[in-house]
């Protein structure tokens with residue numbers, strides 16, 4: 001008797017954040033004997049995407065390599081839809097999975113819709129309700145939701161957003177965020193490698209004096225080694241006191257809505273902060289976008305305690321987050337990851353689609369206002385009670401089990417046990433936003 005073919009599931013992504021958040025899912029689906037999993041990439045972030053694939057140890061089955069110099073969003077959209085249309089016509093998967101709010105996500109969902117192939121949207125339901133912020137991500141995720149069959153919401157808040165837009169509750173599954181799964185996977189990998197710190201410093205390529213003061217022999221590095229063995233919290237009194245001697249601030253920024261004056265104001269605030277606090281060190285992995293590069297290097301370049309480095313691999317970035325005193329970022333992923341490491345985040349945006357971190361106190365909106373950035377940064381540097389309150393370990397975005405929930409959801413959607421019957425009413429384990 002001919003053996004029934006396994007249902008084919010295709011993960012489609014194109015950027016570094018998508019790759020990080022889908023990597024645990026790709027690894028799990030690739031080893032699940034019930035499904036035939038394929039990975040396609042568009043190459044929307046070529047260099048940074050390849051770094052992540054190397055960390056997690058898998059390669060795409062199809063690489064569309066769509067990026068071109070000076071490509072517009074319209075140009076990328078038209079090329080992505082056309083290329084994915086051809087792949088879907090040839091491969092005919094039973095389900096595609098996308099993550100987040102990039103141009104790749106929307107194009108994949110649209111192409112799948114044209115082929116009447118169900119879409120599973122990981123990290124569904126995030127909203128600012130402002131199409132201009134973030135731009136174009138808010139439009140991408142709203143449009144993708146209209147084309148999605150299975151909505152994997154990271155929190156209860158995200159689920160409620162979808163229900164307000166008329167999405168059937170039986171198609172929404174609160175799973176937690178897969179970025180927590182990825183973070184814990186990488187942190188465990190680093191913690192079990194006794195040479196990890198040396199390798200990470202080598203990859204950073206910062207001056208030896210900076211590395212020695214803020215990374216290798218700093219008081220916080222020594223304290224972390226002891227506290228990790230003892231199981232104490234990063235937000236305890238000793239951590240705050242020793243960190244104040246040589247605090248390290250990690251900075252990331254890439255949002256299009258901040259291009260121009262916004263990034264210039266951010267950089268001026270960072271430079272003034274370093275001038276006011278001679279004990280402070282800053283590491284800024286600078287995004288490859290030319291508009292970001294110009295502002296950052298013009299204003300921050302040449303300062304001995306501000307190190308501007310190339311975009312980092314995910315392992316090095318996780319290691320740096322763990323070493324940092326607090327983080328200044330406009331990244332959605334950082335807002336989700338930092339609470340699991342006990343790191344306060346100053347969010348360089350006027351609004352966020354991740355209100356849970358704001359509500360918990362770990363994250364605080366500062367926009368691109370230099371006065372507000374300075375005030376909030378100095379508060380964390382000088383107030384022990386404020387720092388301890390906002391660095392308490394509590395993560396509203398997940399428990400590290402989102403991947404398992406999504407895999408089981410996909411299996412139940414595609415086949416009902418031994419008889420292979422397709423089902424439409426899926427119910428999988430749920431978590432609440434307070435997990």
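Between segment 319-353 and segment 125-163, the C-alpha centres lie 21 angstrom from each other. In this label model, residue 171 and residue 85 are separated by 2.3 nm, measuring between points 7 Å along each Cα→Cβ vector.
Fewest neighbouring Cβ atoms within 10 Å first, the residues 87, 107 line up as 87, 107.
With r as the distance between the Cβ atoms of residue 394 and residue 61 and R0 = 45 Å, compute the FRET efficiency 1/(1 + (r/R0)^6) and round to 0.05. Display every interim value, and only then the final one.
On the way: r = 39 Å, r/R0 = 0.86.
Once rounded, the FRET efficiency stands at 0.70.
Packing, taken as the mean count of other beta carbons within 10 Å per residue, orders the peptides 178-185, 209-216, 5-12, 271-278 from highest to lowest as 178-185, 5-12, 209-216, 271-278. Percent of Cα-Cα pairs more than 38 Å apart in the chain, please. Looking at the chain, the distances longer than 38 Å represent 21 percent of pairs.
Ordering of 280-288, 88-96 by packing is 280-288, 88-96, highest average first (other Cβ atoms within 10 Å, averaged per residue). Here the Gaussian network model covers the chain, with springs between Cα atoms less than 10 Å apart; of 130, 70, 191, 70 fluctuates the most.
Considering all C-alpha pairs of segment 318-383, those separated by over 18 Å amount to 29%.
Here the gap between residue 68 and residue 146, fully extended at 0.36 nm per residue and compared with their Cα-Cα distance, gives a gain of 25.2 nm.
Taken over segment 1-150, the convex hull of the Cα atoms encloses 113 Å³ per residue.
Computed over the chain with a Gaussian network model linking Cα atoms closer than 10 Å, the most mobile of 164, 127, 245 is 164. Summarising the label geometry, the points placed 7 Å from Cα in the beta-carbon direction at residue 294 and residue 163 lie 4.8 nm from one another.
Plugging the Kirkwood radius over Cα pairs into Stokes-Einstein for segment 1-48, at a temperature of 37 °C and a viscosity of 0.692 mPa s, what D comes out in µm²/s?
Approximately 278 µm²/s, per Stokes-Einstein.
Take every DSSP beta bridge with both residues inside the chain and express the antiparallel ones as a percent of the total, to the nearest 5. Beta bridges within the chain, antiparallel portion: roughly 5 percent. Report, in whole Å, the centroid distance computed from the Cα atoms of segment 98-117 and segment 1-63. Centre-to-centre distance over Cα atoms comes out at 15 Å.
Only the coordinates and a few stated rules stand behind these numbers; no lab work does. Since the model is a prediction, treat every value here as computed from it, not as a measurement. Counting neighbours? That spans all protein chains shown, and the Cβs are built from the backbone with ideal geometry, glycine included.
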